[in-house]
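Asker: I'd like to ask some things about the structure below.
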């Protein structure tokens with residue numbers, strides 16, 4: 001299996017001289033199964049350079065998995081050029097939006113309203129299929145299997161685990177470890193904490209034996225207290241999580257758009273220091289910062 | 001217990017979708033959500049006091065899309081699964097459906113009904129904590145108490161004339177309301193409430209409890225004992241109004257567990273617990289000035 005990062009920035013594209021090393025495009029991850037099946041996780045602006053690459057490999061058969069439908073994860077979708085070319089086949093997967101009461105088929109319909117984009121979905125000539133997934137139910141793509149898991153974000157967000165011939169990679173999408181909504185002194189605190197612990201234990205169980213975890217590490221632990229409930233994780237929290245469940249490689253992504261490359265590296269170094277991972281490969285855990293163009297083979 | 005008419009079956013399909021919630025919760029949700037930093041626990045506290053909003057959240061969370069390992073019976077758990085922002089936006093959507101008017105063509109006082117439901121919920125939980133802690137989950141007893149008479153809201157909304165007649169029939173003939181409902185409407189509120197709960201794949205013990213709370217022959221369970229007994233105690237004390245006043249001829253719902261004297265059982269509740277439950281419920285049901 002091969003994993004390639006096309007967009008690693010959170011919230012909004014952040015181009016410019018200060019983000020040149022890690023990249024300014026929003027979330028898009030390409031996964032190739034052993035037999036070459038193409039899986040794409042999220043359609044942030046990073047999907048546009050990926051599309052340019054795919055035009056050299058026509059016809060395109062792609063399975064796109066949306067973690068959720070916030071703008072930074074769908075912004076590049078109408079610019080995914082293979083959608084416009086007859087003979088291509090694109091299958092878009094995602095969760096059921098309980099607030100809208102609709103499945104993933106709404107993703108482009110909402111995005112392509114005529115006032116906001118000149119092309120209608122009907123004018124896209126590739127074969128486009130939608131598949132609304134249920135939590136925990138795996139779908140097979142070639143020799144890979146993809147399992148959606150329910151994580152925590154202001155909108156329903158799926159993390160996806162991909163398994164292929166004994167190797168596995170998991171992408172959180174946007175995820176904030178479940179916060180307790182009560183104060184420790186409140187009557188409901190202990191009960192709520194128990195529910196959270198149970199939920200976390202179920203997730204950890206679903207991630208058993210994981211090789212690579214790609215996790216939302218938007219904030220530092222110091223920044224987090226003023227951003228509780230925003231739906232994002234921290235560098236330190238993700239390191240502790242990956243370490244606890246015995247992941248081999250943690251890739252930190254969804255970099256803050258205001259963080260320059262230098263600031264990102266400083267925050268990363270400090271997090272490694274705080275979590276006792278300053279010297280390489282402590283406890284066998286490899287920790288990386290996601291970077292546009294980075295490729296991992298497993 | 002009778003079957004539902006095809007007409008009522010049809011109405012039930014969309015019943016709760018379009019059902020407005022209670023005035024206080026709609027008002028509170030609108031107030032709270034105006035502030036982007038509102039406390040999630042305050043939103044939860046509102047939802048879990050409103051039978052309509054609670055019903056709607058459970059409908060969503062237990063839907064097949066989430067195929068959760070266990071059925072969800074608490075708003076707190078729903079928050080863990082769906083996230084507080086999703087719950088908040090769902091609640092805002094529920095609030096947009098408007099408010100249940102206090103009075104209606106059935107002549108059924110919806111706010112006194114809410115007071116009844118809230119106090120039954122609180123007392124059922126208290127009974128579980130004090131007398132059945134190992135056998136029944138207090139949180140489940142609260143929810144079962146809150147939702148046990150949900151069928152009556154459905155009647156108010158969709159069969160108001162028939163429900164009006166059932167209320168009158170019960171009064172004229174000194175019958176329990178559920179018996180009058182069976183005669184006049186053809187089905188009682190327990191069956192209707194349970195039908196909805198089943199349609200939305202609520203957990204079996206909650207469905208059973210809603211369906212059977214007026215079925216003396218139903219298989220006993222600690223949860224059913226707590227809910228039935230709470231219902232009796234609250235009507236005995238004349239707190240709120242479920243349309244079914246206490247009758248001295250009523251047999252105690254769970255004599256083996258709680259004895260046969262309501263006055264005596266009330267005296268055994270933890271000191272001040274009933275007063276606290278009633279005071280909080282009256283504020284929420286907006287009946288503070290009434291009693």
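The values are calculated or read from the model by the stated rules, or taken from the named source; none is laboratory data. Note that this is a predicted model, so its numbers are computed, not measured. Glycine gets a Cβ as well: all are built from the backbone with ideal geometry, and neighbour counts include every protein chain shown.
Asker: Since residue A:111 meets every condition but one in (1) over 14 Å from the mean Cα position of the chain (by Cα); (2) more than 14 Å from chain B (Cβ to nearest Cβ); (3) surrounded by 22 or more Cβ atoms within 10 Å (Cβ to Cβ); (4) within 30 Å of residue A:227 (Cα to Cα), which condition does it not meet?
Answerer: Residue A:111 satisfies all of (1) over 14 Å from the mean Cα position of the chain (by Cα); (2) more than 14 Å from chain B (Cβ to nearest Cβ); (3) surrounded by 22 or more Cβ atoms within 10 Å (Cβ to Cβ); (4) within 30 Å of residue A:227 (Cα to Cα) except (3).
Asker: While we're on this one: Give the residues of the stretch A:173-188 that are surrounded by 23 or more Cβ atoms within 10 Å (Cβ to Cβ) and more than 12 Å from chain B (Cβ to nearest Cβ), sorted by residue number.
Answerer: A:173
Asker: Only one residue in A:264, A:203 is within 14 Å of another protein chain (Cβ to nearest Cβ) and at pLDDT 95 or above. Which one?
Answerer: A:203
Asker: Here's another thing I want to ask about it. Regarding residue B:118, is this residue more than 14 Å from every other protein chain (Cβ to nearest Cβ) and crowded, with 23+ Cβ neighbours inside 10 Å?
Answerer: It is true that residue B:118 is more than 14 Å from every other protein chain (Cβ to nearest Cβ) and crowded, with 23+ Cβ neighbours inside 10 Å.
A quick yes/no check of all residues on (1) at pLDDT 95 or above; (2) touching a strand residue (DSSP E or B) at 6+ places or on another chain (Cβ under 7 Å):
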{"position": "A:56", "(1), (2)": "yes, no"}
{"position": "A:67", "(1), (2)": "yes, yes"}
{"position": "A:80", "(1), (2)": "yes, no"}
{"position": "A:96", "(1), (2)": "no, yes"}
{"position": "A:110", "(1), (2)": "no, no"}
{"position": "A:115", "(1), (2)": "no, no"}
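Asker: Looking at the structure I just gave you, is residue B:105 over 17 Å from the mean Cα position of the chain (by Cα), part of a helix (DSSP H, G or I) and either within 7 Å of chain A (Cβ to nearest Cβ) or in contact (Cβ under 8 Å) with a residue 12 or more places away in the chain (or both)?
Answerer: No; evaluated as a whole, the condition is false for this residue.
Asker: Select from the stretch A:246-270 the residues that are surrounded by 18 or more Cβ atoms within 10 Å (Cβ to Cβ) and under 22 Å from residue A:296 (Cα atoms) and list them in ascending order.
Answerer: Listed by number, the residues that qualify are A:247, A:249, A:250, A:251, A:252, A:253, A:254, A:255, A:264, A:268.
Asker: Now a separate question. Which one of the conditions (1) surrounded by fewer than 22 Cβ atoms within 10 Å (Cβ to Cβ); (2) not in a helix (DSSP H, G or I) does residue B:170 fail to meet, given that it meets all the rest?
Answerer: Status for residue B:170: all satisfied but (2).
Asker: Could you give every pair whose Cβ atoms fall below 6 Å, whose first residue belongs to the stretch B:14-41 and is within 14 Å of another protein chain (Cβ to nearest Cβ), and whose second residue is part of a loop (DSSP other than H, G, I, E, B) and at pLDDT 90 or above, counting only separations of at least 6 or pairs across chains?
Answerer: B:40/A:181; B:41/A:181; B:41/A:182
Asker: While we're on this one: One residue is enough: does the stretch A:40-47 have a residue meeting the conditions part of a helix (DSSP H, G or I) and touching a strand residue (DSSP E or B) at 6+ places or on another chain (Cβ under 8 Å)?
Answerer: Checking the stretch A:40-47: at least one residue is part of a helix (DSSP H, G or I) and touching a strand residue (DSSP E or B) at 6+ places or on another chain (Cβ under 8 Å).
Asker: Oh, and also: Condition first: more than 9 Å from every other protein chain (Cβ to nearest Cβ) and within 28 Å of residue B:42 (Cα to Cα). Now tell me which residues in the stretch A:152-172 satisfy that.
Answerer: A:158 - this is the single residue of the stretch A:152-172 that is more than 9 Å from every other protein chain (Cβ to nearest Cβ) and within 28 Å of residue B:42 (Cα to Cα).
Asker: Still on this structure, please answer the following. Given the conditions (1) in a loop (DSSP other than H, G, I, E, B); (2) within 25 Å of residue A:34 (Cβ to Cβ), report the number of the one that residue A:174 does not fulfil.
Answerer: Among (1) in a loop (DSSP other than H, G, I, E, B); (2) within 25 Å of residue A:34 (Cβ to Cβ), the lone unmet condition for residue A:174 is (2).
Asker: Looking only at helices (runs of 4 or more DSSP H) that fall completely inside the stretch B:187-291, which ones have 2 or more residues that are crowded, with 16+ Cβ neighbours inside 10 Å and touching a strand residue (DSSP E or B) at 6+ places or on another chain (Cβ under 7 Å)?
Answerer: Helices (runs of 4 or more DSSP H) meeting the threshold: none at all.
Asker: Further question on the same structure: From A:152, A:88, which residue is in contact (Cβ under 8 Å) with a residue 12 or more places away in the chain and farther than 30 Å from residue B:58 by Cβ?
Answerer: None of the others qualify; the one that does is A:88.
Asker: Answer yes or no as to whether residue B:67 is on the phi > 0 side of the Ramachandran plot and facing chain A (nearest Cβ under 10 Å).
Answerer: Against the criterion (on the phi > 0 side of the Ramachandran plot and facing chain A (nearest Cβ under 10 Å)), residue B:67 qualifies.
Asker: With the condition kept exactly as written, say whether any residue in the stretch B:74-96 is in a loop (DSSP other than H, G, I, E, B), more than 10 Å from every other protein chain (Cβ to nearest Cβ) and either loosely packed, with under 15 Cβ neighbours inside 10 Å or touching a helix residue (DSSP H, G or I) at 6+ places or on another chain (Cβ under 6 Å) (or both).
Answerer: Checking the stretch B:74-96: not a single residue is in a loop (DSSP other than H, G, I, E, B), more than 10 Å from every other protein chain (Cβ to nearest Cβ) and either loosely packed, with under 15 Cβ neighbours inside 10 Å or touching a helix residue (DSSP H, G or I) at 6+ places or on another chain (Cβ under 6 Å) (or both).
Asker: Among the numbered conditions (1) more than 22 Å from residue B:198 (Cβ to Cβ); (2) in a helix (DSSP H, G or I), tell me where residue B:35 comes up short.
Answerer: (2)
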